[in-house]
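What follows is a single structure, written as structure tokens, with notes after it.
A short reminder: the numbers here are calculations on the coordinates, not readings from a lab. Computed from a predicted model, the values in this text were never measured in an experiment. Counting neighbours? That spans all protein chains shown, and the Cβs are built from the backbone with ideal geometry, glycine included.
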């Protein structure tokens, strides 16, 4: 293909005129500047490097600038607070709320959906149940988010209402169930069965198992596990159809009411709505949960299932203001000695008291604004000690924020953990430990690996053969076996991690270094240096190793995130440093708190409503670190590769 060129760009010259090469204008570029030029050309490399630097800075600075103690309990009242971020909270995300889904409803506490319709079941909107683990108060439920749902299930717990209780036969002709307690059944007692369904060609027989059944069987050679022992029960009647059936007791007997369900086809199902026992004037009704508490009775050749079905479980789902709840004003009991200490620690608090009744201080008093207590409700338990001082208890209303040490609702960017510690600071404190451990292990692996790989690759032959066989033997040991042996010897802790991560961690670096030495040891410049009398040490460290520096640096960078994830995994499994451990390096000490410990603690609590962030946030931090370090390491490898010198991305 011919390209048209403008004639004006051509210049006539005299053939007798000598033309010389012009002087090259420019400056030589060093290997480092060339590497940096190629490194910065790729924007992804720059972003990854920025993230790595930010991670390192946060790991160093955040624990120092945060005044809280992250190795022990701080303020128990602040535990399990979800993430809350300034400004972003206005968008409705990370606003300190938690979404609670399908939590058990309290059927005694509700509001009416439409007051004009009256208090009927269909018009009730139930609030969540209050228990010792989750104290959800209606006042902190976000308006318009509370909804109820009825789930159908068969759990044998009181929260499941109604439904049926069924005997199911699968592969056996008979199954027997019975009441748990002995009752006196008189000849005037009537038993009313409400059978929902019963399969055709099956029979339900009613008996009373006498309380003295063992005495009756004493001379027969039978036991209560033998089906023939049923002949010594008091027979009441049988049912073969669904509906309501009333059966009388023929004579007075003390024992347990028993039902024997039979099917010659070894399959069948009978479904109970209720069992009503009338022992005038007492009436006992067993249905739903109460009937489900009857037992399947063990008996030879008998077998089946006693299950609950189609029961209703009412649950609530809502959005909850967790921060408002945690820091709400609440009643509490305060000892008089603690009360006096509180007055001393807060100047002006005693002077701000306003008594409800100046003539009777036992009726309580209130305090001015800005103090840990809002009011004293009452005084009780007055007693004079051996020292002559009167001691008593005060029922007080605490200022939730001031009692917890805050003037306004705090912001916890990552939330708080099970001990009330700021998870944001804890993550970076833990990362500092993980980074230092990763760097120490990486340095050891690099030094050992480079020395081993250099010798093996440079000398080759028998030296290389025996060194490689040693590496193969060492790497063939199962990691779990080595970990178990180290755990039994040293226990969980820093020493276990250090030995486990270094005993074979250098093998990969040694392999890379060995390959590079095989690659460069036969090059002309190496042969020339050897001919001129260069020593082996000079050839290794002056001529060959510098050409491999890019791969070695990459190994250092990439091994750090690998060590972090390994440490996190081992700590999560209980082989790590352990919470409360301290790493003493002589000149300085570091907490043994690590990312693996945070993940382990979070996993123990993540199933509770609104606590999934305890695992999600540290997991995301680890993922970001892994990606950033790997991108940074790969970029550095390409930048330090001598074969790419002078090339532009």
For an R0 of 41 angstrom, estimate the FRET efficiency from the Cβ-Cβ distance between residue 341 and residue 131 and round to the nearest 0.05. 0.80
Pairwise FRET efficiency - residue 65 versus residue 626, Cβ, R0 = 25 Å, nearest 0.05: 0.45
Using alpha carbons only, how many angstrom separate the centre of the stretch 223-302 from the centre of the stretch 524-556? 91 Å
Protection proxy ranking, peptides 501-507, 336-342, 623-629, 593-599, average beta carbon neighbours within 10 Å, highest first: 593-599, 501-507, 623-629, 336-342
The stretch 330-403: relative contact order as a whole-number percent, Cα under 8 Å and 6+ apart: 35 percent
The stretch 330-392 to the stretch 428-489: how many Å between their Cα centroids? 66 Å
Rounded to 10°, Cα long-axis angle of helix 31-41 versus longest principal axis of the chain: 40 degrees
By how many degrees, 0 to 90 and rounded to 10, does the Cα axis of helix 336-345 deviate from the longest principal axis of the chain? 30 degrees
Label model pair residue 296, residue 331: point-to-point distance (7 angstrom along the Cα→beta-carbon line) in nm is 4.8 nm
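Please order 180, 521, 172 by the number of other Cβ within 10 Å, starting at the fewest. Please report the intermediate quantities before stating the final value.
On the way: 180 8, 521 18, 172 14.
Placing the least packed residue first, the sequence is 180, 172, 521.
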Sort 315, 427 by Cβ crowding within 10 Å, fewest neighbours at the top. 315, 427
If I compute volume of the Cα convex hull per residue in Å³ from the structure I just sent, which labelled value in [x] 465; [y] 169; [z] 235 lines up? [x]
Mean Cβ-within-10 Å packing, highest first, puts peptides 214-222, 415-423, 304-312 in the order 415-423, 304-312, 214-222
Compute the acute angle (0 to 90°) between the alpha-carbon long axis of helix 595-605 and the principal axis of greatest extent of the alpha-carbon atoms of the chain; round to the nearest 10°. 20 degrees
Can you give the helix-only mean residue ellipticity at 222 nm for the chain, where every DSSP H stretch with n ≥ 4 adds -39500 (n - 2.57) and the sum goes over all residues, rounded to the nearest 500 deg cm²/dmol? -11000 deg cm²/dmol
Full-stretch length increase - residue 102, residue 267 - with 0.36 nm per residue and alpha-carbon distance subtracted: 55.8 nm
Taking 8 Å as the Cα distance limit and 6 or more residues as the minimum spacing, I'd like the relative contact order of the chain as a percentage. 18 percent
When you count, for each residue, the other Cβ atoms within 10 Å and take the mean per peptide, how do 461-469, 317-325 rank with the highest first? 317-325, 461-469
